[in-house]
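Participant: Mind looking over this structure? Questions follow.
Derivation of every value follows stated rules applied to the coordinates shown; laboratory data play no part. Quick caveat, the model's predicted, so the values are computed rather than measured. Note that each Cβ is placed from the backbone with ideal geometry, even for glycine, and that neighbours are counted across all protein chains shown.
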Amino acid sequence: MLEGTTAEIRERKALRVNPAKTCQPIGAMYASLGVNKCMPHSHGSQGCCAYHRSHLTRHHKEPVVATTSSFTEGASVFGGLANLKTALNNIFSIYDPEVVSVHTTCLSEVIGDDIPMIIKKSIEDGIIPEGKTVIHANTPSFVGSHVTGFANQCKAFVDYFAESTGETKNVVNIFPGWVEPADMRELKRLADGVGVEYIMAPDTSDVLDSPLDGEYHMYPDGGVTVAELKATGDSFLSVGLGPLASTSAVESLEKKCKVPSKVLELPIGVQATDAFIDALRLAGDTSVPSEIEKERGRLVDMMSDMSQYTHGKKVAIFGDPDHLVSMVSFLVELGMVPAIVVTGTPGKKWEKKMKEIIDPVNEDCVIKAFSDIHYLHQWIKANPVDLLMGNTYGKFVAKTEDVPFVRFGFPIMDRVGHRAFPTVGYQGGMRILEKITDAFFDKRDREDPDHEIELVL
Amino acid sequence: MSEEATNDSPMGPHGPSAAEAREEMLKAYPKKTQRKRGKQMLVNEEPGTPAEIGANSRTVPGIITQRGCSYAGCKGVVIGPIYDVLHITHGPIGCGWYSWLSRRNMNKIRKPGETNFLQYSMSTDMQEDHIVFGGEKQLEAAIQEAYDEFKPKAISVYATCPVGLIGDDIHSVCRKMKEKLGINIFGFSCEGYKGVSQSAGHHIANNGVFKHMIGVDDTPVEHKYKINILGEYNIGGDAWEIDRVFALCGIKIIGTLSGGVSYDDITNCHMADLNVVMCHRSINYMAEMMEEKFGIPWFKVNFIGLEGTKKSLRKIAQYFGEKELIDRVEEVIAAEMAEVRPVVEDVKTRTTGKTAALFVGGSRAHHYQDLFEDMGMKVIAAGYEFAHRDDYEGRDVLPNIKIDADSRNIEELTVTPDETRFDAEKPVKKKSLEESGFEFSDYEGMMRQMAKDTLVIDDISHYEMEKLIELYKPDVIGSGIKDKYIVEKMGVPCKQLHSYDYGGPYAGFKGAINFFKDIDRMTSNKIWKLATPPWRNTGEATAEKAEAVTA
């Protein structure tokens, strides 16, 4: 397996090998699925749409519908206006969504299609039915990563929908960042627990984890509604989770509707979850109920119980910037030692932030943005670690190096738990800890000699 | 309203006639879309003389389609599976990432020291400045870095949409680096916007493989019966099952294009006596070009399904015409069937009369009908995702196919007989066999095999699929990942016929056993029965419904 990978690291300036990121439009598609009765639309060749739908489906094991402008060579030369207008006419006639959420691709970006102009023309030509909306986000694949696309789409929700009626409501906007449907559900549960009213945007719970009841619903119950998106302009606070995924949306809302904003790290682990709960508590002027404090206590208890197994363990981890900041912070809380942290997404500031988090436990940790899994693999060949964390693509590295592997991030295409069980919040922390220790114990149980097998751990 | 169809109905026990279903499906569309889709949806009224289908035409923008792009057909399908070629996608990161190990074209290294590059995704990861200033330098550097680090025997480069638009000349970069590094390096202009589907990418791939790989190595292959299998991609290990059966028969496969295959196999495969074609759509170009250049004849085979496998093996034996081979093939068939028969007899007690609908690929929607027939199941509707008219109606329509603007942009290579390597004996043998009724360069298409008055739907849309299921509730749908969970939400199992739901192989004899067991499991699955909670069946209204009534 991965026979060509050696410990000798050569500098690469042009060749990406085994990427730890993908392109913007898939993030825009995922975010758009978190809007109620919304059809994501990919403005480009149909292959983009097919690839994004396929990968989101493999990750969520759920229907992922989206439409495409199906560019041919002609459209690529003459522009995509005709294709998009035809598409909008078909989409509204056949699939009847409330919103069509158009995102661009590298193709339509390079030819410079002006989407707002095409939308305007479509309105003038009566293609967009009364009361329905077409929105857009520019998501060039050659800038940033899939998380950038998610962020750009979230900002577009604000730019197109948020309205200020002048009357501030006792509601908090929660921009959850790129997390799982199960995570969004958990964030809502926690917000309910603290007792604040909120609007979550986007919200893929009940969309990408819909029940099997014998009926297919193209637009499941879930998703933030257009009315709610409009109302975000009247909330008294926006909380953006995950700086890369959510900052641009909450800042745009602040600018547009004067809604003050606060950007927090994704609530993974103890202190990041504390920050989220505390922010909600202060915002809602409520107190944290004992149920949530008990949850927190149960997580800390489990961390204490398991600390003999986690303490000092070296971890190699790759994923997306926001996920990594919080997950690595949690690893540090667990007494673990991040040894190498890699993301494919570019970001110098992120590198600096990671260093601040890790320095107290390991000043020599290798921290790289705009890097790849191949680099991480080469590095751990020369510097063995106790645990690898990352998305499904890490399994080949884990197998080659025989290192325990915990799946985390996007995409996870070969396991099922991520769709059902959150990793955010205190309960999510317990799940992560369970997975980490299981990975250690499974390796021991498999490899320890018979006379050293422990019944109790 | 038509009478409820009977069990003998070509469309199964439920729902209206195919013609009524077609009307129903078209009704929802705006006029222009209706006209366009109407040409791609047919009732198979005269299977013997199939009607003209509007295949290989543009997808209607805004329709939820199964189709992908030219890059997917070229890199993803045809060239991507060659394990010891180092593949570099030139473009932004997405295309290389999505096509990384997502197609299950299995491969393994043959000897220590080799690298299976299928486990790697390599890309130039184009950034904004490359788009503005051009990406040729980046590509050149990437090829150099790939060579320095991995020392491959060949490097293949794939263009994505922006590459063509900004005018990067990948071919001149490849030529330059080929000269510099002394290994074979070649590129494919398979930008996603070319053609109307993956199919354009297949053609581009065939051209490139033919130009840059076929005929490179003239090492003689000593064997009495030497063939290539074209259009077999080793999904789930299909090619390995075919290899096993051929080894038992004593037939040498030089190259399987391009499943489970190495660079050396392909460069040497023009030494074969015969090409047999599995997936006609993706590789008929190669079969034709190899015949032109080297004189190697070809015919269509199908190793999906028991009858197809037996027929194909016998035809290959007959081509060589030697008794020892003909007898050996019969012995292998008898031995293999002894193992398959009890399984199929058992499974048939549960599957006979059940219905299936298949919407996939450019050959699978046809090939898999054989396996369903083996199980006594009825295919009520089928269609390809990216095939052409000849795949539906048979190759005899080829002279009548109009070449439209989208296809005209795909290069058609002019091939002439090779001055030294054209084997003049092969056409002579072909001619004499043809005189005895043996068919070459044949493919009769899907529609001739399908029952009268069933539905044929090209490039099926989401809406049509939903309607089909609503009207007919087939016992199983064969389709792909994008449809799978949509179909299953409706309580109908969906077999992925691209990825085999991570199972397989399904080819040959052992593959057939796997397929029978999988379909038996899926169509007998009791989990679907749990979809409705018991209180919904008692006639009592749920809280939600009760509210609605009182409101």
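Participant: On a 19 Å Cα-Cα criterion, which of the cross-link pairs B:Lys39/B:Lys495; A:Lys399/B:Lys151; A:Lys399/B:Lys495; A:Lys132/A:Lys256; A:Lys395/B:Lys108 come out too long?
Facilitator: Values: B:Lys39/B:Lys495 27 Å; A:Lys399/B:Lys151 23 Å; A:Lys399/B:Lys495 29 Å; A:Lys132/A:Lys256 22 Å; A:Lys395/B:Lys108 17 Å.
Beyond 19 Å: B:Lys39/B:Lys495; A:Lys399/B:Lys151; A:Lys399/B:Lys495; A:Lys132/A:Lys256.
Participant: Could you give the size of the charge dipole of the protein assembly as shown about its Cα centre, using +1 on the Cβ of each K and R and -1 on the Cβ of each D and E, expressed in debye and rounded to the nearest 20? Numbers along the way, then the final one.
Facilitator: Values: 114 positive and 144 negative charges, 169 e Å.
It works out to roughly 820 debye.
Participant: Right, next: What order do you get for A:16-29, B:167-180 when each peptide is scored by the mean count of other beta carbon atoms within 10 Å, highest first? Don't jump to the answer; show the numbers that get you there.
Facilitator: Values: A:16-29: 28.9, B:167-180: 16.9.
Top of the packing list down: A:16-29, B:167-180.
Participant: Which GluC sites (Glu not before Pro) does the stretch B:252-323 hold that lie in a coil by DSSP with at most 13 other beta carbons within 10 Å? Please report the intermediate quantities before stating the final value.
Facilitator: Working: sites: B:Glu288, B:Glu291, B:Glu292, B:Glu307, B:Glu322; in loops: B:Glu322.
Those satisfying the criteria are B:Glu322.
Participant: If you don't mind, there's one more thing I want to ask. Which net charge results when you count Lys and Arg as +1 and Asp and Glu as -1 among the other residues whose beta-carbon is under 13 Å from that of B:Ser156?
Facilitator: Values: positive: B:Lys75, B:Lys153, B:Lys178, B:Lys211; negative: B:Asp84.
Neighbour charge sum, excluding B:Ser156 itself: +3.
Participant: Let me know the mean shielding of A:21-31 by other chains, meaning the per-residue number of their Cβ atoms within 10 Å of its Cβ. If you can, show how the numbers build up before the last one.
Facilitator: Numbers: counts 4, 8, 9, 3, 2, 3, 0, 0, 0, 0, 0.
Mean inter-chain Cβ contacts per residue within 10 Å come to 3.
Participant: If you fit an axis through the alpha-carbon atoms of helix A:290-310 and take the longest principal axis of the Cα set of chain A, what angle between them do you get, 0 to 90°, nearest 10?
Facilitator: Orientation of helix A:290-310: about 50 degrees from the principal axis.
Participant: What lysines sit close enough to A:Lys258 to cross-link, taking a C-alpha to C-alpha distance under 16 Å and skipping anything fewer than 8 places away on the same chain?
Facilitator: List returned: A:Lys155, A:Lys169, A:Lys230.
Participant: What aspartates and glutamates could a cross-link reach from B:Lys153, if we take a straight Cα to Cα line under 16 Å and drop same-chain neighbours fewer than 8 places away?
Facilitator: Filter leaves A:Glu3, B:Asp84, B:Glu114, B:Glu145, B:Glu179, B:Asp217, B:Asp264, B:Asp265.
Participant: Further question: Compute the Cα gyration tensor for the stretch B:150-241, then decide on rounded, prolate or oblate, letting a ≥ b ≥ c be the square roots of its eigenvalues: rounded whenever a/c is under 1.5, prolate when a/b is larger than b/c in the other cases, and oblate in all that remain. Walk me through the numbers on the way to the answer.
Facilitator: Values: a/c = 2.37, a/b = 1.33, b/c = 1.78.
Here the stretch B:150-241 falls in the oblate category.
Participant: Over the stretch B:70-195, calculate the relative contact order: mean separation of alpha carbon pairs under 8 Å at least 6 apart, over the residue count, as a percent. Provide the component values of the computation, followed by the final result.
Facilitator: On the way: 210 pairs, mean separation 40.4, N = 126.
RCO, the stretch B:70-195: 32 percent.
Participant: Follow-up question, since we're still on this one. Could you list A:Glu356, B:Glu232 in order of exposure, starting from the residue whose Cβ has the fewest other Cβ atoms within 10 Å? If you can, show how the numbers build up before the last one.
Facilitator: Working: A:Glu356 9, B:Glu232 30.
Listing A:Glu356, B:Glu232 from fewest to most nearby Cβ atoms yields A:Glu356, B:Glu232.
Participant: Right, here's the next one. Explain nothing, just the number: dipole magnitude of the stretch A:169-291 about its Cα centre with +1 on each Lys and Arg Cβ and -1 on each Asp and Glu Cβ, in debye rounded to the nearest 20. Display every interim value, and only then the final one.
Facilitator: Numbers: 10 positive and 20 negative charges, 130 e Å.
Here the stretch A:169-291 has a charge dipole of around 620 debye.
Participant: Under 23 Å Cα to Cα from B:Lys224, which lysines show up? Leave out anything in the same chain fewer than 8 places away.
Facilitator: Leaving aside lysines fewer than 8 places away in the same chain, those within reach of B:Lys224 are B:Lys252, B:Lys293, B:Lys300, B:Lys310, B:Lys311, B:Lys315, B:Lys323, B:Lys426, B:Lys429, B:Lys430, B:Lys431.
Participant: Now for a different question. Unpartnered cysteines of chain B (Cβ-Cβ under 4.7 Å counts as a partner)?
Facilitator: B:Cys69, B:Cys95, B:Cys161, B:Cys174, B:Cys249, B:Cys269, B:Cys279, B:Cys494 - these cysteines have no disulfide-compatible partner (Cβ-Cβ under 4.7 Å) in chain B.
Participant: Counting alpha carbon pairs within less than 8 Å and at least 6 residues apart, what relative contact order, in whole percent, applies to chain A? List each step's numbers first, then the result.
Facilitator: Working: 933 pairs, mean separation 79.8, N = 457.
This gives 17 percent for chain A.
Participant: Percent relative contact order of the stretch A:169-291, based on C-alpha pairs within less than 8 angstrom and at least six residues apart?
Facilitator: On the way: 206 pairs, mean separation 37.9, N = 123.
Across the stretch A:169-291, relative contact order equals 31 percent.
Participant: In the stretch A:418-454, which GluC sites (Glu not before Pro) are in a loop and have at most 12 other Cβ atoms within 10 Å, using DSSP for the loop call? Each step should come with its number before you reach the end.
Facilitator: Details: sites: A:Glu434, A:Glu447, A:Glu452, A:Glu454; in loops: A:Glu454.
Listed in order of number, the matching sites are A:Glu454.
Participant: Which order do peptides B:323-334, B:359-370 fall in by mean Cβ count within 10 Å, highest first? Mind showing how you got there, number by number?
Facilitator: Numbers: B:323-334: 15.1, B:359-370: 25.7.
Order by mean packing, descending: B:359-370, B:323-334.
Participant: Please compute, for peptide B:259-269, the average count of beta-carbon atoms on other protein chains lying within 10 Å of each residue's beta-carbon.
Facilitator: Values: counts 0, 0, 0, 0, 0, 0, 0, 0, 0, 0, 0.
The per-residue average across the peptide is 0.
Participant: Okay, next question. Kindly identify the stretch A:24-161 as rounded, prolate or oblate by the Cα gyration tensor criterion: order the square roots of the eigenvalues as a ≥ b ≥ c, call it rounded if a/c is under 1.5, otherwise compare a/b with b/c, prolate if a/b is larger, else oblate. Working shown, then result.
Facilitator: Working: a/c = 1.38, a/b = 1.13, b/c = 1.22.
Cα axes put the stretch A:24-161 in the rounded bin.
Participant: Another question about this same structure. Give me the inter-chain shielding for A:138-149: mean count of other chain Cβ atoms within 10 Å, whole number please.
Facilitator: Working: counts 0, 0, 4, 10, 14, 4, 2, 2, 3, 0, 0, 1.
Counting Cβ atoms of other protein chains within 10 Å of each residue's Cβ and averaging gives 3.
Participant: Sorted by average packing, counted as other Cβ atoms within 10 angstrom per residue and highest first, what order do A:248-261, B:199-212, B:233-246 take? It would help to have the intermediate numbers written out before the result.
Facilitator: On the way: A:248-261: 19.3, B:199-212: 25.0, B:233-246: 23.4.
Put in order of decreasing packing, that is B:199-212, B:233-246, A:248-261.
Participant: Is the stretch B:70-195 rounded, prolate or oblate when judged by the Cα gyration tensor, a ≥ b ≥ c being the square roots of its eigenvalues, rounded requiring a/c under 1.5 and prolate requiring a/b larger than b/c?
Facilitator: Values: a/c = 1.88, a/b = 1.26, b/c = 1.49.
The shape class here is oblate.
Participant: Any of B:Lys75/B:Lys111; B:Lys32/B:Lys484; A:Lys21/A:Lys368 with alpha carbons more than 21 Å apart? Name them for me. Show your work: numbers first, answer last.
Facilitator: On the way: B:Lys75/B:Lys111 25 Å; B:Lys32/B:Lys484 29 Å; A:Lys21/A:Lys368 13 Å.
Table pairs above 21 Å Cα-Cα are B:Lys75/B:Lys111; B:Lys32/B:Lys484.
Participant: Out of the trypsin sites (Lys or Arg not before Pro) in the stretch A:352-411, which ones are loop residues according to DSSP with at most 11 other C-beta atoms within 10 Å? List each step's numbers first, then the result.
Facilitator: Values: sites: A:Lys352, A:Lys353, A:Lys355, A:Lys368, A:Lys381, A:Lys395, A:Lys399, A:Arg407; in loops: none.
Hits after loop and neighbour filter: nothing returned.
Participant: I would also like to ask the following. State to the nearest 20 debye the size of the charge dipole of the stretch A:26-109 about its Cα centre, where the only charges are +1 on K and R beta carbons and -1 on D and E beta carbons. Write out the running numbers ahead of the final one.
Facilitator: Numbers: 5 positive and 5 negative charges, 37 e Å.
Using only the charged Cβ atoms, the result is roughly 180 debye.
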